[in-house]
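Report on the structure given below.
The values are calculated or read from the model by the stated rules, or taken from the named source; none is laboratory data. Owing to the predicted nature of the structure, the values given are computational and were not obtained by experimental measurement. Note that we place each Cβ from the backbone using ideal geometry, even for glycine, and neighbour counts take in every protein chain shown.
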Amino acid sequence: MKKIVLAAIAVLTFGWANAQEQTAKGKWLIEANTGFGAGVGSTSFGLASSDGETQWNIGAEGGYFVADDLAVKVGLGYGDSGHDDSTFAYKIGAKYYIANKFPVEASYNGVSYKGADENPSYLGLQGGYAWFIGKNVSVEPGVRYNISLNDDYYKSVFQLNIGFALHF
């Protein structure tokens, strides 16, 4: 039993140390997310079909660690809502890793709908868990709440995300 406990402590320590190295100042982050929940036009990957209409979205985010555990991020996305309406999404924000395992993010998201009278913008707040499955790869499930900044036209939405990140 003692050997099992010591082995578990060694694995957790190695994982923590590895994560600490990957979120250090001067490192880069490239991230792709899947989004579940109400779509707001995003920088995530998505594919859905209902009532004979197919909706899709593709996007990615990148960031630079300006301090240990703190990355400044930007993201771009493009999609089609299935109604001959294309969307272009952009994001700028900051992501902080608490204890190198719990990423929290605040960001400004904007969406440009082709032919829309008013385009939505959101303040996004996100939290999750970073599971480092390799030296440079993490899987980051999380929850996100997008607060509408122009709710006369668009509502605030809740999303579940699974992110895949490469750390360099």
Revision key, fill the gap. The one condition V139 fails out of (1) closer than 18 Å to A32 by Cα; (2) part of a loop (DSSP other than H, G, I, E, B); (3) of a type in the set (A, V, I, L, M) is (2)
Review point. Quick check: anything in the range 68-87 in contact (Cβ under 8 Å) with a residue 12 or more places away in the chain, more than 15 Å from L29 (Cα to Cα), surrounded by 13 or more Cβ atoms within 10 Å (Cβ to Cβ) and hydrophobic (A, V, I, L, M, F, W, C)?
Key: no
Check your understanding: Looking at this structure, is Y145 hydroxyl-bearing (S, T, Y), assigned to a strand (DSSP E or B) and closer than 30 Å to G26 by Cβ?
Key -> no
Study note, to complete from the structure: In the range 31-50, anything of a type in the set (A, V, I, L, M), surrounded by 14 or more Cβ atoms within 10 Å (Cβ to Cβ) and modelled with pLDDT of 75 or more is listed as A32
Exercise for review: Name the residue, out of F88, F168, that is within 20 Å of G46 (Cβ to Cβ) and modelled with pLDDT under 95.
Suggested key: F88
Review point. Which one of the conditions (1) under 12 Å from the mean Cα position of the chain (by Cα); (2) aromatic (F, W, Y); (3) loosely packed, with under 13 Cβ neighbours inside 10 Å does F168 fail to meet, given that it meets all the rest?
Key: (1)
Practice item. Might you let me know whether the range 62-71 holds any residue that is within 17 Å of G35 (Cβ to Cβ), in a strand (DSSP E or B) and touching an Asp or Glu at 6+ places or on another chain (Cβ under 8 Å)? Key: no
Check your understanding: Assuming A130 fulfils every condition listed in (1) within 20 Å of N57 (Cβ to Cβ); (2) in contact (Cβ under 8 Å) with a residue 60 or more places away in the chain apart from one, which condition is it?
Key -> (1)
Review point. Between a first residue in the range 103-118 that is over 13 Å from N150 (Cα atoms) and polar (S, T, N, Q) and a second residue that is at pLDDT 95 or above and in a strand (DSSP E or B), which pairs have beta carbons less than 6 Å apart while being 6 or more apart in sequence or on different chains?
Key: S107/G93
Point to revise | Single residue of the range 127-161 satisfying the filter (closer than 22 Å to Y108 by Cβ and β-branched (V, I, T)) that is surrounded by the most Cβ atoms within 10 Å (Cβ to Cβ) | key: V157
